[in-house]
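A short write-up of the structure that comes next.
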Amino acid sequence: MLKSDAYRDLNTVARCLLEELQIAHNGSNNGELSISTHNAKLLLKVSEPTAMNAFWDLYEHGFIDLMMPHLWKQHKAREWRLTFEPFHGREPSNDWMMWKPNEPVKR
């Protein structure tokens, strides 16, 4: 995966965010991974818009999938799934393998 065109196309902020999502993954919480943009900003030492762009870069490159949108009124951050990890007993979807330059896996 780390040698893939999809991964190599990511900027360093998106790569670091992917590592933070992997740290948050405990083996059984895939699909419920939640790091707010505010917390991502603090963890990565970047601005909030830069952190948000990193989430969308990972999404467009197929490394993460959005499972639940943020719930502003409940103060609940988005929940994500790592596509290269098993999910609910199923094999990883590895959506990142479908990425091609200028052809995002998801928008």
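The values are calculated or read from the model by the stated rules, or taken from the named source; none is laboratory data. Treat the numbers as computed from the prediction; the structure is a model and nothing was measured. For neighbour counting, all protein chains shown are included, and Cβ atoms are generated from backbone atoms with ideal geometry for every residue, glycine included. We work out accessible area using only protein heavy atoms, side chains counted, and drop any ligands, DNA or RNA first. Shrake-Rupley method; radii C 1.70, N 1.55, O 1.52, S 1.80 Å.
Numbers at a glance
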quantity	calculated
Matching option when the condition is farther than 20 Å from residue 94 by Cβ and either out of contact with any His (no Cβ under 8 Å at 6 or more places or on another chain) or surrounded by 19 or more Cβ atoms within 10 Å (Cβ to Cβ) (or both), among 6, 40	40
Entirely in the stretch 1-75, the helices (runs of 4 or more DSSP H) that have 2 or more residues that are touching a residue at least 40 places away in the same chain (Cβ under 8 Å)	5-9, 12-24, 48-60
Checklist (1) more than 12 Å from residue 30 (Cα to Cα); (2) open to solvent by 50 Å² or more (accessible area, probe 1.4 Å); (3) not in a loop (DSSP other than H, G, I, E, B) applied to residue 93, failing item	(3)
Counted residues, the stretch 76-85 - those being closer than 13 Å to residue 33 by Cα, modelled with pLDDT of 95 or more and assigned to a loop (DSSP other than H, G, I, E, B)	2
Every residue from the stretch 43-62 that is open to solvent by 50 Å² or more (accessible area, probe 1.4 Å) and among the hydrophobic types (A, V, I, L, M, F, W, C)	43, 56
Exclusive hit being of a type in the set (Ser, Thr, Tyr) and within 17 Å of residue 12 (Cα to Cα), set 50, 83	50
